[in-house]
Amino acid sequence: MKRVRVYQTGPPEMMKLEEAEDPRPGPGEVLVQVKAAGVNPVDTYVRAGTFGYSPEVPYTPGADAAGTVEAVGPGVTRLRVGERVYGARSVSGSYAEKALFEEIQVHPLPETISFAQGACIGIPYVTAYWALFRKAKVQPGETVLIHGASGGVGTAAVQLARQAKLTILGTAGSEQGRRLVKEQGADHLLDHQDPRHFDEIMKLTGGRGVDLILEMLANRNLGKDLSLLAPSGRVVVIGSRGTVEIDPRDLMVRDAAVLGMRLKNVASQEYGQVHADLVQGLSRGALRPVVGKELPLAEAARAHREVMEPPAHGNIVLIP
Ligand code: NAP
């Protein structure tokens, strides 16, 4: 089979396409024939060695994929060979023609969801779900600002927030991005590149502010975010690429909270209910992953450059 391999952390060109033996599933593992692999910003941080830990090299990048079950290891009972599935947290790396997953991380892919869409579920939807329902414990009727709604996590968050009957304010930095955010179900659209959008948010909420903010670029926005919160409001920090100054009084006067999250800290056993809910939403058509671009596996380096360049438009996937 073909796979992408990183022998040394560094720029995107460190990823090489090579031939390798097919991996064999061990106990509790599933071998998936990959039809599409999801590309996420975290894949680029790990490749560059800037994620806070250095992966053991060589390794194959990628956590998410969709395809068909090719083989199952001893003890696997829930999945059949040939079944359409999507997988998260690949143990062997998903940028490959075949990838291994723990059984608990492999789920049926509804017929209405393409393989490319299936490759966009793992990191983006689980992150958005975790932020909304487990971290913020959002309630129906609340108002959420999705600050960065045009990318993988943002589009997933808009769809999940729609399902949960929230009022949604979504931001994007381009016209095309805002159109996309509207199509996903946002009630109000804003441009996060325009400094006036903060005032607009207060106007749109009648001066009350928002109950919840899902923040994709905290180093840019957190200071302002705190002044946009309603009483008992919460900010979930999903993305941040630097430091930021805040005024803690903004939190005190509102009884507000800032919650951090890192998907890597979520234990595998916690994923069961999350994916059960996601599969239900996918089957009902309420969740429709947005594939912004498909690239051949050989163009992994280009995918890594493009995932870090604005404007975002859903997810990028690699096709083996
Ligand atoms: P993505 O697809 O590249 O999207 C990036 C998003 O950030 C786009 O919506 C982009 O909007 C937006 N953005 C750009 N400038 C912004 C600004 N000034 N204010 C607000 N938003 C802005 O990435 P993703 O997969 O959605 O992930 C989003 C971030 O969360 C990334 O930093 C990623 O590393 C992080 N993340 C963290 C976790 C975790 O466990 N904590 C999990 C997944 C992702 P435009 O392009 O339209 O300007």
Practice prompt. Taking amide H positions as placed in the peptide plane 1.01 Å from N, state which residues far from Asn315 in sequence (5 or more) or on other chains have amide H under 5 Å from it.
Written response: Val290, Val291, Gly292, Lys293
Discussion item. Just want the answer: with Cβ charges of +1 for Lys and Arg and -1 for Asp and Glu, which residue in Met1, Gln280, Tyr53 is farthest toward the dipole's positive end in the chain?
Written reply: Gln280
Worksheet item: In the chain, with Lys and Arg counted as +1 and Asp and Glu as -1 at Cβ, which of these residues, Leu214, Ala116, Ser92, has the Cα nearest the positive end of the dipole, that is, farthest along it?
Response: Leu214
Response to the item:
Calc'd 3J(HN,Hα), segment 158-165, phi into Karplus 6.51 cos²θ - 1.76 cosθ + 1.60 (θ = phi - 60°), Hz, glycine/Pro = x, comes to 4, 5, 5, 5, 4, 4, 8, 6
Practice prompt. Would you mind computing the Rg to Rh ratio of segment 165-320 from its alpha-carbon coordinates, Kirkwood style for Rh?
Written response: 0.99
Discussion item. Can you give me the distance in nm between label points at Met1 and Thr68, each placed 7 Å from the Cα along the Cα-to-Cβ direction?
Written reply: 1.4
Discussion item. What is the sum of charges, Lys and Arg at +1 and Asp and Glu at -1, for the other residues whose Cβ falls under 12 Å from the Cβ of Ala128?
Written reply: +2
Worksheet item: Where in segment 1-38 does the label zone of Arg305 land, with the point 7 angstrom along Cα→C-beta and an amide N cut-off under 14 Å?
Response: 11-15
Practice prompt. Report the FRET efficiency, 1/(1 + (r/R0)^6), for Asp255 and Glu111, where r is their Cβ-Cβ distance and R0 is 56 Å, rounded to 0.05.
Written response: 0.75
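Taking chymotrypsin sites (Phe, Trp or Tyr not before Pro) as exposed when DSSP calls them loop (any state but H, G, I, E, B) and at most 16 other Cβ atoms lie within 10 Å, what is the longest stretch of the chain free of them, the sites themselves excluded? Before the final figure, lay out each step's value.
On the way: sites that count: Tyr7, Phe51, Tyr53.
Answer from the scan: 54-320.
Cross-chain or 8 or more residues apart, Cα under 14 Å: how many lysine pairs in the chain fit that? Count them up, please. Display every interim value, and only then the final one.
Details: Lys2/Lys16; Lys2/Lys35; Lys2/Lys98; Lys35/Lys98; Lys137/Lys165.
Within the chain, the lysine pair count is 5.
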Fill in: Within the chain, longest stretch clear of exposed trypsin sites (Lys or Arg not before Pro) (DSSP loop, no more than 12 other Cβ within 10 Å)
1-77
Discussion item. So if a site counts as exposed when it's one of the GluC sites (Glu not before Pro), its DSSP state isn't H, G, I, E or B, and it has at most 13 other Cβ atoms within 10 Å, what's the longest stretch of the chain without one?
Written reply: 112-244
Fill in: Using alpha-carbon coordinates, inclination of helix 271-284 to the longest axis of the chain, degrees
80
Worksheet entry | Directionally averaged projected area (convex hull, Cα atoms, segment 124-225), nm² | 5.7
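Among DSSP bridges having both ends in segment 72-229, what percentage is antiparallel? Round to the nearest 5.
On the way: 3 of 16 bridges.
Restricted to segment 72-229, the bridges split so that about 20 percent are antiparallel.
Magnitude of the Cβ-charge dipole of segment 124-263, K/R +1 and D/E -1, about the Cα centre, nearest 20 debye? If you can, show how the numbers build up before the last one.
Details: 18 positive and 15 negative charges, 77 e Å.
Around 360 debye, computed over segment 124-263.
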Worksheet item: DSSP beta bridges in the chain, what fraction antiparallel, as a percent rounded to 5?
Response: 50
Worksheet item: Given charges of +1 on the Cβ of Lys and Arg and -1 on the Cβ of Asp and Glu, with all other atoms neutral, how large is the dipole of the chain about its Cα centre, in debye to the nearest 20?
Response: 380
Worksheet item: Projected onto the charge dipole of segment 124-263 (+1 at Lys/Arg Cβ, -1 at Asp/Glu Cβ, origin at the Cα centre), which of Leu229, Leu251, Gln139 gives the Cα projection farthest towards the positive end?
Response: Gln139
Response to the item:
Under 5 Å from the placed amide H of Gly185, counting only residues 5+ away or on other chains, we find none
Worksheet item: Measuring from label point to label point, each 7 Å out along Cα→Cβ, what is the Lys16 to Lys264 span in nm?
Response: 2.5
Fill in: Space enclosed by the convex hull of the alpha-carbon atoms of the chain, per residue, Å³
121
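When the helix-only estimate is applied to the chain (DSSP H runs of n ≥ 4, each -39,500 (n - 2.57), divided by the residue count), what is the mean residue ellipticity at 222 nm, nearest 500 deg cm²/dmol? List each step's numbers first, then the result.
Working: 10 runs with 84 residues, N = 320.
The helix contribution divided over the chain gives -7000 deg cm²/dmol.
No lab work stands behind these numbers, since they all come straight from the coordinates. Every value quoted in this text rests on a predicted model; they were computed, and no experiment measured them. As a convention, Cβ positions derive from the backbone with ideal geometry for all residues, glycine included, and neighbour counts pool all protein chains shown.
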